[in-house]
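> I have a structure I would like to understand better, so I am pasting it below and will then ask my questions one at a time.
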Amino acid sequence: MSDPKRLHPIAVLLNIIKSIKELVIPFLLVVVIPGKNEGIPGWIQPLVIAIIILLLIGIAFLQWLRFTYRIEEGEFRIESGVFVRKKRYIKFDRIHSIDISEGIIQRIFSLVKLNIETAGGSQADAVLSAISKSDAERINAFISEEKNAKNPFDKDRDEVANKEYAAKSSSVFKQTLPQLFVMAATSGAVGVFLSGAIAFISQFDEMIPFERIFKDYEEFIEMGTIILTLFALVALLVVYVLATLSMVIKYASFTVLKTDEEIVISRGLLEKRQLTIPIHKIQGIRIMENLIRKPLGLATVYIEYAGGNMEDKESLSIMLFPLIRKRHLHEKILEILPVYETTTEMTPIPKRALSRYVFRKFLYLIPIIGALVWFFRPWGYLSLLLVPLAIFWACMQYRDAGWSIDGNLLLLSSRFFSKQTLIMQRSRIQSITYKKSWFQNRKELATISASVKSGITSRVGMVADVEEKDCLIIKSWYLPKKAVDSQ
């Protein structure tokens, strides 16, 4: 039995920062926007701000004081709550993953943050925001080895366990710095970075004096389209460089370690993270190839597993290989997850399905072109350039669609913008859906889809306009196994 332990006192500061993030909009309204009522004395606003700060500090201190954790009788136990005492007991066999991260504040004090997650929770079941690295390693080693009778805070025995754990682990993948720059430059993070900046600025459009800033906007236009174009290109270049650097910093030192029963993924420069995933909880593998990487023979690989939480979006989609050459992919999968290794060629969809892919694009495109031509004549006629683009897009989707069965593995490949290949074990598949419309029935085609558990929801692979007889083959491959399992 272990004695209850508290977090490091720096957790008080982390609690304050967390509270400020949750109250950032109301806090800014009080601090940034002055009161419009002239009858209110000027000292009211500073007083309100001081009271808010004191309350945040007081509550953060009480949260730290009342939070304890320990390991006892095969369970990880947490007691918390300022006014209402909460007790949470987590059995070791229910733990799906352990995520160890180091934010900037934790790194200053040589601390880490440890998240313990069970199956498909909406949030982490246990969050230790500030503990020593040695305690985190002992907890991780203890739970991983499932030595329920051992006290994880016994220093001598924990050092032995850590050495045994390190001896069993082996590095199977490491992303180099040049590869990281290529990954970041081809990731499409620019759009996310730009949209995030626009969304942030839009939250304060009433506070920022746009009219005063752009009061000479008309004169700026007179400078000419060339200067405006150069200005836009420079702005996009700056955004592109910032987005690329942010990705490199986020995934720096990306390493994958494998033990007999777990995969340990670590990454990060400013914020270091280490995620431990039990191999038996992995539900499938997803291979993504975007428009830039596919011609270069590059891909990104994700793990689909029954874990993660809504508070941490990254934990819902675990990146196994940020960037890898397709010719090395099967070798690496064989080394880390041999059950998902396959070299089977995909079965393409029939040629008569191409017309349906083109038809679906025109079904959405014609109303858009019609509206643009009608309301923005004559410039609206430029929208006709979308026609060859839509045909090219339809041909790409048709070419990348396919399926394959290799023993107990089902592979479904499709494309929306990026090509997705989902590899699933038969025993992990939650459901297979086979459907056909009246138009598909005329051409003896159908749509097949399969889903596996991923995070708190499901990951679905779907291929449209497959040969109807091929859909029946997939369905018959899946059903007998499920019938046996249900007996």
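The values are calculated or read from the model by the stated rules, or taken from the named source; none is laboratory data. Nothing here was measured: the structure is a model prediction, and the numbers come from that model. Please note: Cβ atoms are built from the backbone with ideal geometry, for glycine as well, and neighbour counts cover all protein chains shown. These area figures cover heavy atoms from the full protein model, side chains too; ligands, DNA and RNA do not enter into them. Shrake-Rupley method; radii C 1.70, N 1.55, O 1.52, S 1.80 Å.
> Enumerate the pairs (first residue in segment 97-112 and farther than 22 Å from I277 by Cα; second residue anywhere and basic (K, R) and open to solvent by 20 Å² or more (accessible area, probe 1.4 Å)) with beta-carbon separation below 8 Å, excluding pairs fewer than 6 apart on the same chain, so at least 6 apart or on different chains.
Q106/K113; R107/K272; S110/K133
> How many residues are surrounded by 15 or more Cβ atoms within 10 Å (Cβ to Cβ) and among the basic types (K, R) when one looks only at segment 456-477?
The qualifying residues number 1.
> Moving on. Given the criterion buried (at least 20 other Cβ atoms within 10 Å of the Cβ) and within 23 Å of S427 (Cβ to Cβ), identify the matching residue among I279, I324, I333.
Going through I279, I324, I333 in turn, just one is buried (at least 20 other Cβ atoms within 10 Å of the Cβ) and within 23 Å of S427 (Cβ to Cβ): I333.
> Ok, one more. In segment 348-368, which residues are under 23 Å from W403 (Cα atoms) and open to solvent by 50 Å² or more (accessible area, probe 1.4 Å)?
Within segment 348-368, P348, K351, R352, L354, S355, F359, R360 qualify.
> Going by what's in this entry, would S383 be described as modelled with pLDDT of 90 or more and surrounded by 16 or more Cβ atoms within 10 Å (Cβ to Cβ)?
Judged against the criteria, S383 is not a match.
> For segment 402-413, state whether one or more residues are over 18 Å from Y478 (Cβ atoms) and of a type outside the set (D, E).
No, segment 402-413 contains no residue that is over 18 Å from Y478 (Cβ atoms) and of a type outside the set (D, E).
> Here are some conditions: (1) open to solvent by 20 Å² or more (accessible area, probe 1.4 Å); (2) more than 30 Å from I249 (Cβ to Cβ); (3) of a type outside the set (F, W, Y); (4) touching a Lys or Arg at 6+ places or on another chain (Cβ under 9 Å). K86 meets all but one. Which one does it not meet?
Evaluating K86 over (1) open to solvent by 20 Å² or more (accessible area, probe 1.4 Å); (2) more than 30 Å from I249 (Cβ to Cβ); (3) of a type outside the set (F, W, Y); (4) touching a Lys or Arg at 6+ places or on another chain (Cβ under 9 Å) leaves (4) as the failure.
> Moving to a separate point now. Report, by residue number, each residue of segment 382-431 that is over 18 Å from I287 (Cβ atoms), in a strand (DSSP E or B) and basic (K, R).
none
> Quick one: R377 ticks every box in (1) over 30 Å from the mean Cα position of the chain (by Cα); (2) in a helix (DSSP H, G or I); (3) more than 26 Å from V463 (Cα to Cα) bar one, so which box is it?
Of everything listed in (1) over 30 Å from the mean Cα position of the chain (by Cα); (2) in a helix (DSSP H, G or I); (3) more than 26 Å from V463 (Cα to Cα), R377 misses just condition (2).
> Let me ask something else. Which is at pLDDT below 80 and either within 19 Å of L128 (Cα to Cα) or surrounded by 13 or more Cβ atoms within 10 Å (Cβ to Cβ) (or both), of S19, S2?
Answer to the check: S2.
> If you go through segment 64-72 one residue at a time, do you hit one that is closer than 30 Å to I249 by Cα and either among the charged types (D, E, K, R) or surrounded by 13 or more Cβ atoms within 10 Å (Cβ to Cβ) (or both)?
To start, the set of residues in segment 64-72 that are closer than 30 Å to I249 by Cα comprises none.
Scanning segment 64-72, I find no residue that is closer than 30 Å to I249 by Cα and either among the charged types (D, E, K, R) or surrounded by 13 or more Cβ atoms within 10 Å (Cβ to Cβ) (or both), so the answer is no.
> Give me the residue from segment 338-371 that is in a helix (DSSP H, G or I) and of a type in the set (D, E, K, R) and, out of that set, farthest from R286 (Cα to Cα).
The residue in question is R352.
> Open to solvent by 60 Å² or more (accessible area, probe 1.4 Å) and within 31 Å of the chain's Cα centre (by Cα): does that describe R442?
The answer is no for R442.
> For T300, are the conditions met, namely being of a type in the set (V, I, T), in contact (Cβ under 8 Å) with a residue 40 or more places away in the chain and under 20 Å from S171 (Cβ atoms)?
yes
> Next question. Among the residues of segment 64-87, what is the count of those that are in a helix (DSSP H, G or I) and more than 21 Å from P9 (Cβ to Cβ)?
0
> Still on this model: Here are some residues: A394, A371. Which one is surrounded by fewer than 18 Cβ atoms within 10 Å (Cβ to Cβ) and hydrophobic (A, V, I, L, M, F, W, C)?
Working: A394 fails: surrounded by fewer than 18 Cβ atoms within 10 Å (Cβ to Cβ).
The match here is A371.
> Out of I285, I249, which single residue is surrounded by fewer than 20 Cβ atoms within 10 Å (Cβ to Cβ), of a type outside the set (D, E) and at pLDDT 85 or above? Reasoning before the result, please.
Values: I285 fails: surrounded by fewer than 20 Cβ atoms within 10 Å (Cβ to Cβ).
Answer to the selection: I249.
> Another question, then. Of the residues F61, F153, only one is modelled with pLDDT under 85, among the aromatic types (F, W, Y) and either open to solvent by 50 Å² or more (accessible area, probe 1.4 Å) or in a loop (DSSP other than H, G, I, E, B) (or both); which? Even if it seems obvious, please write down each step before you answer.
Values: F61 fails: modelled with pLDDT under 85.
Just a single option satisfies the conditions, and that option is F153.
> Can you spot a residue in segment 108-120 that is loosely packed, with under 15 Cβ neighbours inside 10 Å and within 16 Å of R6 (Cβ to Cβ)?
yes
> Given the conditions (1) open to solvent by less than 10 Å² (accessible area, probe 1.4 Å); (2) closer than 22 Å to R94 by Cβ, which single one is not true for T300?
Single failed check for T300: (2).
> Here is a follow-up. Do any residues in segment 438-458 that are in contact (Cβ under 8 Å) with a residue 40 or more places away in the chain have Cβ atoms under 7 Å from those of residues that are open to solvent by 80 Å² or more (accessible area, probe 1.4 Å), where the two are at least six apart or on different chains, and which pairs are they?
Every condition considered, the pairs that remain are K443/R352; L445/K436; V452/Q430; K453/Q430.
> May I pose another question? Suppose we filter S413, S454 for residues that are at pLDDT 90 or above, in contact with an Asp or Glu (Cβ under 8 Å, 6 or more places away or on another chain) and among the hydroxyl-bearing types (S, T, Y); which single one remains?
On the way: S454 fails: at pLDDT 90 or above.
From the options S413, S454, the qualifying one is S413.
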